[in-house]
1. Name the residues in the range 21-46 that are small (Gly, Ala, Ser), surrounded by fewer than 16 Cβ atoms within 10 Å (Cβ to Cβ) and more than 21 Å from the chain's Cα centre (by Cα), would you?
2. So which residues in the range 47-61 are surrounded by fewer than 18 Cβ atoms within 10 Å (Cβ to Cβ) and either closer than 12 Å to Val25 by Cα or not aliphatic (A, V, I, L, M) (or both)?
3. Suppose we filter the range 62-93 for residues that are out of contact with any helix residue (DSSP H, G or I) (no Cβ under 8 Å at 6 or more places or on another chain) and surrounded by 15 or more Cβ atoms within 10 Å (Cβ to Cβ); how many remain?
Amino acid sequence: MADDRRGRRGPRDDNDVKGFFIGVVAKMTGTHPQTLRHYERVGLVNPIRSDGSVRMYSMRDVQRVRRIRELTQDEGANLSGVEIILELHDRVEEMRRRHRIELDEQALAHRREVNQLHNEIARLKRILRRATQ
């Protein structure tokens with residue numbers, strides 16, 4: 001489920017599986033390991049720590065670092081701005097997720113109602129057929 005730590009929002013999925021060491025993430029994202037540590041210190045990413053206190057990054061973390069890099073280098077945002085942008089993005093994604101769940105629930109309720117109406121029509125047709133025989 002949702003986690004209240006910064007850098008972790010929304011339902012857990014395969015993107016949350018931990019598996020990348022800091023050096024691998026640095027190469028994958030073109031970001032210096034020290035920069036990754038700084039992002040962690042300021043709360044922009046939140047890799048888990050192994051039993052040996054080794055940082056382990058998920059694919060979601062890698063995607064987030066790439067987005068941070070894009071915002072800072074390509075868009076010129078500072079880290080405070082990045083934090084706001086990512087927080088807003090996380091909120092929008094959570095709202096979309098909740099809305100999707102609501103729509104799915106409504107669709108299911110409508111399908112059930114349609115099925116009930118079909119059953120009622122079939123029942124009334126049977127009654128009508130018996131009455132006209």
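The values are calculated or read from the model by the stated rules, or taken from the named source; none is laboratory data. Computed from a predicted structure; not experimentally measured. Backbone-built Cβ (ideal geometry, glycine too); neighbour counts: all protein chains shown.
1. Within the range 21-46, the first condition is being small (Gly, Ala, Ser), and the residues that meet it are 23, 26, 30, 43.
Okay, now just the ones that are also surrounded by fewer than 16 Cβ atoms within 10 Å (Cβ to Cβ), so 23, 30, 43.
Matches in the range 21-46: Gly23, Gly30.
2. The initial filter retains those residues of the range 47-61 that are surrounded by fewer than 18 Cβ atoms within 10 Å (Cβ to Cβ), namely 48-54, 56, 59.
Correct list: Arg49, Ser50, Asp51, Gly52, Ser53, Met56, Met59.
3. So the count comes out to 2.
Here is a yes/no grid of residues against (1) more than 17 Å from Asp90 (Cα to Cα); (2) in a loop (DSSP other than H, G, I, E, B); (3) modelled with pLDDT under 95; (4) not basic (Lys, Arg):
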site: Val25; (1), (2), (3), (4): yes, no, no, yes
site: Val45; (1), (2), (3), (4): no, yes, no, yes
site: Gly52; (1), (2), (3), (4): yes, yes, yes, yes
site: Tyr57; (1), (2), (3), (4): yes, no, no, yes
site: Arg60; (1), (2), (3), (4): no, no, yes, no
site: Glu70; (1), (2), (3), (4): no, no, no, yes
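Rundown of residues vs (1) free of Cβ contacts under 8 Å to residues at least 60 places away in the same chain; (2) of a type in the set (A, V, I, L, M), yes/no style:
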{"residue": "Arg69", "(1), (2)": "yes, no"}
{"residue": "Gln73", "(1), (2)": "yes, no"}
{"residue": "Asn78", "(1), (2)": "yes, no"}
{"residue": "Glu83", "(1), (2)": "no, no"}
{"residue": "Ile101", "(1), (2)": "yes, yes"}
{"residue": "Gln106", "(1), (2)": "yes, no"}
